[in-house]
1. Helix 111-127 against the longest principal axis of the chain: what's the angle in degrees, Cα atoms only, rounded to the nearest 10?
2. Pop the C-beta distance of K212 and T60 into the FRET formula with R0 = 25 Å and round what comes out to the nearest 0.05.
3. What is the antiparallel percent of DSSP beta bridges lying wholly in the chain, to the nearest 5?
4. Go ahead and estimate [θ] at 222 nm for the chain from helices alone: -39,500 (n - 2.57) per DSSP H run with n ≥ 4, summed, over the residue count, rounded to 500.
5. What is region 86-212 by shape, rounded, prolate or oblate, if you read a ≥ b ≥ c off the alpha carbon gyration tensor as root eigenvalues and call it rounded for a/c under 1.5, prolate for a/b larger than b/c, and oblate otherwise?
6. Does the chain come out rounded, prolate or oblate, given a ≥ b ≥ c as the square roots of the eigenvalues of its C-alpha gyration tensor, rounded meaning a/c under 1.5 and, failing that, prolate meaning a/b above b/c?
7. Mind grabbing the accessible area of S223 for me, 1.4 Å probe, Å², rounded to tens?
8. Mind running the shape call on region 213-274? Use the C-alpha gyration tensor, a ≥ b ≥ c as the square roots of the eigenvalues: rounded below 1.5 for a/c, prolate if a/b tops b/c, oblate otherwise.
Amino acid sequence: MEKKVALVTGASSGIGKATAEYLMKKGFHVYGTSRKADNTQIISDQESKGFITMIQMDVTSDKSVASAIGDVMAREGRIDVLVSNAGTGIAGSIEDTSLEDAKYQFETNFFGSLRVIREVLPIMRKQKAGRIIAISSVAGVISIPYQAHYSASKFALEGLMEALRYEVAPFNIKVTVVEPGDTKTGFTSNRLISANSNETSPYYERFQRSIKRMEHDEMNGASPESVAQLIYKIIIKKNPPLRTAAGFQYKAILFLKKLLPARILEFAVNKLYN
Ligand SMILES: NC(=O)c1ccc[n+]([C@@H]2O[C@H](COP(=O)([O-])OP(=O)(O)OC[C@H]3O[C@@H](n4cnc5c(N)ncnc54)[C@H](OP(=O)(O)O)[C@@H]3O)[C@@H](O)[C@H]2O)c1
């Protein structure tokens with residue numbers, strides 16, 4: 001195959017942007033998406049001949065997703081790799097977060113990914129080849145207080161991808177979930193503080209402590225480039241795994257989760273985030 005085409009959702013910032021740039025340098029024709037793109041922004045790499053074209057996509061809209069993917073197909077006629085990365089975070093206690101905010105969280109992180117994947121599947125099936133990489137989170141395996149809806153949306157995504165992997169393996173489509181831990185991106189400032197900014201909330205003080213801790217850890221976390229590198233490794237792997245955590249410490253934490261009694265993990269999460 002002379003050209004490799006990658007679609008990276010949420011490529012205007014953070015992990016998606018770093019992944020789009022990394023793939024471009026490896027010679028990919030990259031279509032990066034953003035709600036704000038005007039379909040004209042192109043950067044290219046002389047050496048690899050790869051490029052990034054930014055296209056408009058809102059993952060919460062059927063029409064927008066179908067139109068963006070139609071656009072890529074009109075230009076390239078194929079999509080070899082999907083990195084389903086677009087996502088947001090909502091923080092707040094379960095009691096204080098409105099159902100509307102909870103639904104929005106799922107609409108972006110879960111249904112947003114599902115919408116893009118469903119649109120790409122017939123293309124990859126016809127090609128008899130494809131790679132789908134969904135960006136979940138360590139919080140998609142270990143639920144964190146005051147990020148319940150974020151964790152729940154990523155748990156749901158993990159379940160979806162696990163089943164998808166079986167269903168599409170006969171069509172030579174390989175599915176992997178990448179689980180970053182704290183990563184220094186726009187995620188922290190883009191996080192919606194759903195509630196609890198109200199001092200009358202019974203959760204107020206614990207929530208404030210918890211969110212400060214989250215923000216501090218993210219701002220001192222891994223670089224998005226290190227996650228991009230891992231995503232590329234998965235893309236070129238002949239037999240990629242179902243799940244992979246980004247970074248040694250997170251691999252170790254998830255490994256220990258399997259070995260240690262649940263109460264030890266509960267104690268640690270409580271100590272850190274409550
Ligand atoms: N940062 C972390 O600590 C961390 C840890 C674990 C997992 N993750 C996951 O990594 C992924 C990327 O996050 P990031 O850290 O790189 O955050 P980020 O810097 O805030 O980037 C988020 C990207 O998602 C896009 N996006 C958000 N809502 C969208 C929507 N409705 N439709 C289309 N695009 C949308 C944004 O694009 P526009 O605003 O331009 O549309 C942006 O490009 C997310 O799935 C996140 O859950 C992050």
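The values are calculated or read from the model by the stated rules, or taken from the named source; none is laboratory data. Since this is a predicted model, take the numbers as computed values, not measurements. As a convention, Cβ positions derive from the backbone with ideal geometry for all residues, glycine included, and neighbour counts pool all protein chains shown. Quick note on the areas: whole protein, heavy atoms, side chains included, nothing else; ligands and nucleic acids left out. Shrake-Rupley method; radii C 1.70, N 1.55, O 1.52, S 1.80 Å.
1. 30 degrees
2. 0.30
3. 10 percent
4. -15500 deg cm²/dmol
5. Prolate, since a/c reaches 1.5 and a/b exceeds b/c.
6. Cα axes put the chain in the prolate bin.
7. Counting only protein heavy atoms, the figure is 50 Å².
8. Since a/c reaches 1.5 but b/c is at least a/b, the shape of region 213-274 is classed as oblate.
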